[in-house]
Every structure is written in structure tokens, then in C-alpha cells.
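> A single structure is presented below for examination.
Every number here is computed from the coordinates shown, using simple stated rules; none is lab data. Remember, it's a predicted structure, so these values are computed and weren't measured experimentally. Every residue, glycine among them, receives a Cβ derived from its backbone with ideal geometry; neighbour counts consider all protein chains shown.
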Amino acid sequence: MGTLGTAAMARMDERLPWFRALSAEDRSWVGLVAQAGIAAFVEWFAHAGEGRPTPSIEFFGTAPRELKRSISLQQTVDIVRIVVEVVETMTDELAAPGGGDQLEQAMLRYTRDVAFAAAQVYAREAEARGAWDARLEALIVDALVRGEVDDGLHSWAAALGWTSSPVVVLAGHAPDDDPRAVIDSLREKGRRIGMDLLAGVQADRLIVIVGGAQSVDQASRQVVPRFGPGPIVIGPEVPDLHAAARSARAAIAGLKASSGWPDAPRPVHAEDLLAERALDGDDDAREQLVENVYLPLAGTPLLDTLATYLEQGTSLEATARLLFVHPNTVRYRLKKITELTGYQPTEGRSAFTLQVGLILGRLSESAVTWRALT
């Protein structure tokens, strides 16, 4: 048995490049597994008069769990094939006189059962890893949704092979399919298109975290078909997974407030739902509107122009009369408002958002004044 094991190791070193690239420790473990397999065959073959029970596969337990992650199933088959070749070349020396055919037939049966046993071992490992990955994925999604981001989150993501940036989060309704099947299909989709995907189904809500997309639109195109009917909201793009809680928070708040805009496109960006989110109590949206709409205009004639223009039903002439300026001056100021805020007062949705931002800014100033007085 020692001679066979040594010959098998020499043949592996000669024929298998990946085996030569293994660490000395892993090569040693492979040698022990090969020798244990040969010993198990000898023990099994010795029971010729007992009908030869099913071969034992306990010799696979010789190797540590880490070796199963270093060596693939295909590589394990290569090892078995080489061990068989070594034994076959020495059949004449090993077999009793006239027993060569018997030994070869026994080897065929034994190696067949070993091959099935190897597949079974790797299948169990894959199932265990799959279950563990699913739990990790659920923990990551749940942590991002709750905003509980720490260094442990990156460790969990690294265990799943997450390396991508930037990151964007999408929220929508889950389809009626089995949640596990939905998540598996999304993960498979990510592998095919070369992007990292994490997903979680929470009640009737589906959260998808996409990493490595060239653009937000590319990310949404790939995953939107996996959602169920109803609105889908895209959170803002963030640089990495650590900042993904902000994108998740915006996407979920947008999904919650999306009923306020029944005609919204599908999918819709969370940024386009700032007004609805603010009215629904989203503090992030309120702060963003005050910062983007009110503060750039505060202390300038543009603020009074915007307020008057909106109060007069977006009428240029009425605004000009009340402000005692020429209509062209109003046009110029409206253009400056668009440049400063990104919203166009002459467009319906933008005007609505500007109106909400204007009100929130006034309320915030009033609150500051009230606190100062009290």
C-alpha cells in the first residue's frame, strides 16, 4: 500500500499542474487521502467470500474541511483516475495467479462507487455552503435595511465573494413565486452578467442590492423583470456596500410613498419622489429638499420670485405685476432657480417639488426662530 501511494503521488505531480501548485500541507493531505483510499480498497477486496458489501467512503473524512474548498470535484475525479491507473499498471504484481480479471473488475466497481461517493461529499458541502450563504445574505440585507452597518457587514459580504462597487439598492414588491427561488434566480442572473447581487424577501417586499453595474440604468434593467407587479424604486448610487444603507433607506421610503404618485414610471428613482417622501414623514427627504431648494435661494430675490410665481398659478404676467418687474426679469429669475436647484418651475412635477421644498424651508426657519425665542 505504501508503494502504491508513493507511485500515485509521483504520477499526480507529473500529470496534474494544479497539484504541483498546492501548498505542501495540502499535498500531504491529498497523499493521505489517496493512501486511505487504497487501504479501504484492500480491506474491501479482502471480503471476497462475503459478497463484498458496499465500499466504505469514510476515507474522505481523512481530509480537513478546508481541503474540500481547495480542491474541486473535477480535481478529485482526476486524483481517483490516477490512483486507478497506478493500480492497474501493477495488476499483474498484485493479483493472485489467474486473478487479474477479477481484480480489474473489482477496481471498476470500487472506483465507480468512490466517484459517486465523492459527488455525494461535494453535494453535501455545496448544500451546507448554500444554506450558510443564504443566511449570510439575509443578514446583510436586513442589516442594510435597518441601517446597522459595521465592519462585520464587510466580513459577511467578503465571505460571499462581494468585491464590487458602486452599489445601488432597488425596492419593490416580491412576486408570488417561492422567495428562495426568486433569490436564487437573481443570484444566477448576477453571475451571468458579471455583477454582484444580494437579495432579500421581507413579507411582500423584495430588496435587491446591485454592485458593479456601469450605471444605475444598467442595474435596473437587469433586475426589474424579477420584481412582482407594482412600483419599483431605485435608491441613489453609493460608492460601496458600507454606504448602501443610505440607498436602501431612500428606496424603501420611496416605495412606501409611491402611492402618492400613481403615474410614476416603473422603475422610478427615489430622488424623483422627494416631495412624496417628505410629505410621508421621511426626514432624509425633508433635509434634502431644504438643502437643495430653500437654502440656495434664501436671502435672494429668487426666493420671493419663486413663491409669488407658484402662488399665482405659474403666471408670468401676474408674478411680474406683483413684483413690479418686467416679465423677462421673471423669466431670467426662473432660469436661475432651475440652475441652482435642478428643478424647473414651469414644469408640473418640478413645481410641486419646489413648492414642498419652499414650505419645508419656511418651517425649518420658523422652528429655529421658535427655539431661539424659548
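> If R₀ is 35 angstrom, what is the calculated FRET efficiency for the pair R191 and R146, using the beta carbon separation as r and rounding to 0.05?
Working: r = 27 Å, r/R0 = 0.78.
Between R191 and R146 the formula returns 0.80.
> Once you sort the root eigenvalues of the Cα gyration tensor of region 224-292 as a ≥ b ≥ c, which label holds: rounded (a/c under 1.5), prolate (a/b larger than b/c) or oblate (the other case)? List each step's numbers first, then the result.
Details: a/c = 2.11, a/b = 1.10, b/c = 1.92.
Oblate, since a/c reaches 1.5 and b/c is not below a/b.
> Once the Cα gyration tensor of region 237-374 is found, what semi-axes does its equivalent ellipsoid get, as square roots of 5 times the eigenvalues, in whole Å, sorted largest first?
Numbers: eigenvalues 166, 72, 35 Å².
Values for region 237-374, descending: 29, 19, 13 Å.
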